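Report on the structure given below.
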């Protein structure tokens, strides 16, 4: 082989390795994005939901709209996560199914449409009792605000597993 062909071959190998590194970096970045979306839009809101349920329960449900509004944020966060995960192709069909099951499970606690701000505060005694039971389930699964920093590694698979466990406990109730 001539020296010119050897140099072209070496440059080709270097460029291919560079291309592989760029693709790997992009895949890693996409996975990071979905992990952050799931953490910020779903997991953190579940921690805050448990905290708000506990606070309202301790304060005779002085402002129930805090709980219902947080539940709405969780729904929005799950839908956002599904959208980002679908568009970036970082969520498997199983992951999507787990998130959709979580939506269906949590919809049991929002029995009527929240169309006006006033409707966020209209809770019956049964609704309050159900929310308190949801708070117990959230604590059992590990969504307790004081333990948020000890939740473990916020990796996509562990988050999806935790969401699945939450959905199963809600449905078993």
>> For the list (1) part of a helix (DSSP H, G or I); (2) touching a residue at least 12 places away in the same chain (Cβ under 8 Å), I need the number of the one condition that residue 29 fails.
In response: (2)
>> Looking only at segment 116-129, filter to residues that are crowded, with 16+ Cβ neighbours inside 10 Å and in a helix (DSSP H, G or I); which one of those is modelled with the lowest pLDDT?
In response: 120
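Per-residue answers, yes or no, for (1) surrounded by 14 or more Cβ atoms within 10 Å (Cβ to Cβ); (2) in a helix (DSSP H, G or I); (3) modelled with pLDDT under 90; (4) in contact with a strand residue (DSSP E or B) (Cβ under 9 Å, 6 or more places away or on another chain):
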{"residue": "96", "(1), (2), (3), (4)": "yes, yes, no, no"}
{"residue": "131", "(1), (2), (3), (4)": "yes, yes, no, no"}
{"residue": "152", "(1), (2), (3), (4)": "no, no, yes, no"}
{"residue": "159", "(1), (2), (3), (4)": "yes, yes, yes, no"}
{"residue": "162", "(1), (2), (3), (4)": "yes, yes, no, no"}
{"residue": "166", "(1), (2), (3), (4)": "yes, yes, no, no"}
>> If residue 63 satisfies all but one of (1) part of a helix (DSSP H, G or I); (2) more than 17 Å from residue 159 (Cα to Cα); (3) out of contact with any helix residue (DSSP H, G or I) (no Cβ under 6 Å at 6 or more places or on another chain), what's the number of the condition it fails?
In response: (1)
> Which residue pairs have Cβ atoms under 9 Å apart, sit 6 or more places apart or on different chains, and have a first residue in segment 55-76 that is within 18 Å of residue 139 (Cα to Cα) and a second that is modelled with pLDDT of 95 or more and part of a loop (DSSP other than H, G, I, E, B)?
Replying inline: none
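The values are calculated or read from the model by the stated rules, or taken from the named source; none is laboratory data. What you see is a predicted model; the values in this text were computed from it and never measured. As a convention, Cβ positions derive from the backbone with ideal geometry for all residues, glycine included, and neighbour counts pool all protein chains shown.
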